[in-house]
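Everything below concerns the one structure shown next.
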Amino acid sequence: KSAPAMLRISFFLLTLVTSALSGPCPQSCHCHGDLQHVICDNVGLKRIPKVTEQTKLLNLQRNHLPVLPSNGFSSMKGLVSLHLQYCHIKEVSSQAFKGLKKLVYLYLSNNEISIIKSSAFEDLTELTYLYMDNNKIIDIPKGLLSPLINLFILQLSMNSIRELRPGVFSGAKDLRWLHLTSNEINTIHPGSLDDIENLAVFHLDNNQLTTYPSAAMSKLRVVEELKLSQNPMKVIPDNAFQSFGRYVEKIFLDAMGLEKLSDGAFNGVTALKSLHIENNKLTTLPSNLVFTSLQNMTLHGNPWQCNCNLAHLRRWMDSNRLRPAAVCASPSRYRGQQVRDTAAFSGCRLKIRRAKKRGLF
């Protein structure tokens, strides 16, 4: 036979061998890039399909997989991204992801997960992004996250978590973004955040915290964004943000029923750019709040007492083009007037200078 014919036969045989080794695309699924991407979105699956080691992305969204069994993905050693949203998952078995040592992205959002067995995340040493929001998780067992030494983002919003206990984040030392919005957290125990002192973004909004967890929060060193909105907390105590005060740029304290920001609440806070304290019961601001770096404040929905204690706020407003809305509730002669427009602060500089001479400031 001629050389071109022999070449064509060799290529055909090689294709057959390659196909035999790689296996077919799972029934009803779509496969791309020589099975590197396997898409089985909403195809009626009731069990995990078989794919090969060369598959890097497996999308199983919108199927019916109530239990993720042990070793269910163990043959898929090349997986980098695994999508399991909207799969009616209720239980994640022990060693459910065993063998997935290259997995970076794991999406478990929008399921009904209430049970996560110990060792469920064994072997996930490269996992960087873990999304488990909108489930029914009540508790994170101690040691569950220990294998996740490269975890960067953990999304646990919209679950039913009630408390954070010491050791809950053990092993996740590189965690930088932690989202716990819309849980039922009423207690953050001292020591529970010790393992994640490098956290940069911490969302705790819409929980049930009645007191600021000072002991636990004091272990955080480099928080840049903190959300505490919609927690029923009346007071922010002294030194609340001091441990990360040089780094924090955004603080959200809106809609909490706050009655007081303690005089030393913002001790050590020097880089704050955005402060949200609207829809509370605040009448004044602490004297140690540094305005020099502030670019944005939201203040409306508070019964501000327009006297010289708010003069520093008015001076900041006069120098800021945004000039946020804030209405005086008292004294009565200024009630209903905008802080930025009222004459309540005329003469405050002289009064403050006299008070300083008398040692009152």
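Throughout, read-outs are computed from the coordinates displayed, never taken from laboratory work. No experiment lies behind these values; they were computed from the predicted model shown. Every residue, glycine as well, gets a Cβ built from its backbone with ideal geometry; the counts of neighbours run over all protein chains shown.
With a sphere of radius 12 Å drawn around the Cβ of Ile188, what net charge do the other residues whose Cβ falls strictly inside it have (Lys, Arg +1; Asp, Glu -1)? Taking every Cβ under 12 Å from that of Ile188, the sum is +1.
Neighbours of Lys117, meaning other residues whose beta-carbon lies under 13 angstrom from its beta-carbon, give a summed charge of -1 when Lys and Arg score +1 and Asp and Glu score -1. Can you find, among Gly191, Ile113, Thr292, the residue farthest towards the positive end of the dipole of the chain? Put +1 on the C-beta of Lys and Arg, -1 on that of Asp and Glu. It is Thr292, whose Cα lies furthest towards the positive end. Cβ-to-Cβ counts within 10 Å put Asp174, Asp195, Asp139 in ascending order as Asp174, Asp139, Asp195, the fewest first. Counted over the chain, the DSSP beta bridges are approximately 10% antiparallel. Taking every Cα-Cα distance in segment 150-209 and sorting them into 10 Å bins starting at zero, the pair-distance distribution P(r) comes out as 25, 59, 17 percent. Remark: the chain projects, on average over all directions, an area of 24.0 nm² (convex hull of Cα atoms). Helical runs (DSSP H, four residues minimum) scored at -39500 (n - 2.57) apiece and divided by the length of the chain put the mean residue ellipticity at 222 nm at -3500 deg cm²/dmol. Between the Cα long axis of helix 348-357 and the first principal axis of the chain there is an angle of about 80°, rounded to the nearest 10.
If I model segment 170-328 as equal point scatterers sitting on the Cα atoms and use the Debye formula, what is log10 I(q)/I(0) at q = 0.16, 0.17, 0.19 Å⁻¹? The computed values of log10 I(q)/I(0) come out as -0.88, -0.99, -1.23. Database note for the chain: Cys without another Cys beta carbon under 4.7 angstrom, Cys87.
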